[in-house]
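One structure is given below, encoded as structure tokens.
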Amino acid sequence: MSLINQEKNNIKHKSGTIDQMLASEYFYIIFRYLPTNKDLYSCILVNRYWANCAVPILWESPFKINDEYNLLPKVIQIYLTFIQTENSHNDPLFNRPLYDYPSFLKELPFYRFLNSVIANNCTETQIVELFKNFQMHLVKLRRFDLSHLHLNFNGLIAYRVLLDYSSIFNRLSYLNCTYNWEVNEAQKVQKAQIFNELAKSCHNIRNLKATVRCKEEGIALANLISSQRCLKKFSLVNSNIFASFSVQSLQSQTRSLNSLTFKNMHHSNLGVNAIFRYTTFQLNEKAISSLSQCTNITELKFKHCEGLIYFPINSIFRNLTSLEYTYGSYPIIGNAPPIEILSSLIKMNGKTIENVTFDWQWHYNDRTDYIQLIKNIAECTMNLKYLKAPIYTLEQLALILHTKNQLKKLEIHIDYRIHPYCALFLFTNMPFNNLKNSIIQLYFNGHGNLRPEVNQLKQVFEQIFYKNDQISNFVLYQQNWPNLSNDNKEKLI
């Protein structure tokens, strides 16, 4: 019996628990892949060992839940206990926190932080005390979000914090200083002062997003850009001609800069609210000349931008791997997307481009230009892996299906004037060497009062999946059509 018990003990000792089998570093990696903070919180409740691994990750970004920043006054209450702890360090009855929560802080959305502070009825002095406490606990932020900075209170507090506690920000890798609201001259000066203070202490920003509305802001942002050692991504949002000062400074980042985004530079007719300030895309010759020196840019995005017809981008960017032009459902000034410029970019970057995204809900009437754009995508690109684009004719869809690229994902928005079954039967009657193992997504806006017939759809899908046996995933989205019943869905499956 003693030998049996000894053998059982040996087996139990060898197997151990999962905590003994895996080092904390493995738990740290696993917990980082959990999709939500709720999952992390569940891990904290398992045991002390799991909690020690999960708490630092959860408190890196305490204002974020499921990738969204939220108002969390309880977080501020916990931070305030550390100020009380400093004042009551000799009191044995004081209930101290289990962990050094402030020291874990890495991401701070400033406007959410202030709103949470206000929800706790904190004074300006207490806000400053919180940042003083952050500095005492050696907080080193990686991400700092100053977007929505349109209130005088926010601006004054931000400037004071950056001035007095700059060591908190000297390891920033991400900075967002964008805004869409109309601001007065005094607030613009505050923004320029914030840029100048950040330039003194922050030299490791990799991803920078900013808005420029006046000359002082433009010059101060240029100072911040020039002070960086390795800026990789730059986004200019809702800015006017004064942004040219900032863009000129990008020539100091020619070796590292690889991603450029322009966003929300459109006409004022997009909004009915007068407090929003809209602009159009404008850059002077010096700014354009500086961009031409940034030869390592591989990712170019335009989101809700107008005025591109006056910007010679087709002669600047020659090594693109990703191109995006999106406009949503807004009306475009000039009544059309800049098809000629986009077509030229595709043709010039045919050997390198891998991802193309064109997204606008607009019925294009000039078919000649758009067919040329589709031809350039089909004939000039060699390594295209992802394509998203609207299609207005069956000819255009056929051109895409004839491409020799190795597409991994294809998203096509079919115009309402195209008969859906005609589009689907193209997939059943054409070779799919280029679409092998691809994900196909078709978005139909609806063709008149046509209703999908289950038997016809079943016939089409049988040919797509069983005859060709090469497309791995085919998704059909139907807008303005009635939903299929569960019985009909089962028939298709």
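Per-structure values
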| read-out | value |
| --- | --- |
| Residue that is nearest to Leu172 (Cα to Cα), among those in segment 208-244 that are surrounded by fewer than 22 Cβ atoms within 10 Å (Cβ to Cβ) and among the hydrophobic types (A, V, I, L, M, F, W, C) | Cys230 |
| Residue in segment 322-373 that is modelled with the highest pLDDT, counting only those that are among the aliphatic types (A, V, I, L, M) and in a loop (DSSP other than H, G, I, E, B) | Ile353 |
| Which numbered condition Val212 fails, given (1) among the β-branched types (Val, Ile, Thr); (2) in contact with a Ser or Thr (Cβ under 6 Å, 6 or more places away or on another chain); (3) part of a helix (DSSP H, G or I) | (3) |
| Leading residue by the ranking (modelled with the lowest pLDDT) among those in segment 266-307 that are of a type in the set (D, E, K, R) and assigned to a strand (DSSP E or B) | Lys303 |
| Residue count for segment 397-407, restricted to those that are surrounded by 17 or more Cβ atoms within 10 Å (Cβ to Cβ) and in a loop (DSSP other than H, G, I, E, B) | 3 |
| Qualifying residue in segment 194-203 (condition: within 22 Å of His304 (Cα to Cα), touching a helix residue (DSSP H, G or I) at 6+ places or on another chain (Cβ under 9 Å) and not in a helix (DSSP H, G or I)) | no |
| Members of segment 308-321 that are crowded, with 18+ Cβ neighbours inside 10 Å and either of a type in the set (Ser, Thr, Tyr) or at pLDDT 90 or above (or both) | Leu320 |
| Neighbours by Cβ (under 9 Å, 6+ apart or cross-chain): first from segment 156-174, touching a residue at least 40 places away in the same chain (Cβ under 8 Å) and in a helix (DSSP H, G or I); second β-branched (Val, Ile, Thr) and surrounded by 15 or more Cβ atoms within 10 Å (Cβ to Cβ) | Ile157/Ile127; Ile157/Val128; Ala158/Ile194 |
| Residue check for Ser88: hydroxyl-bearing (Ser, Thr, Tyr), surrounded by 12 or more Cβ atoms within 10 Å (Cβ to Cβ) and at pLDDT 85 or above | no |
| Pair list, Cβ under 6 Å, 6 or more apart: segment 138-149 residue within 17 Å of His203 (Cα to Cα), other residue at pLDDT 90 or above and polar (S, T, N, Q) | Arg142/Ser173; Asp145/Asn176 |
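The values are calculated or read from the model by the stated rules, or taken from the named source; none is laboratory data. What you are looking at is a predicted structure, and each value in this text was computed from that prediction instead of being measured. So basically every Cβ, Gly included, is an ideal-geometry build from the backbone, and we count neighbours across all protein chains shown.
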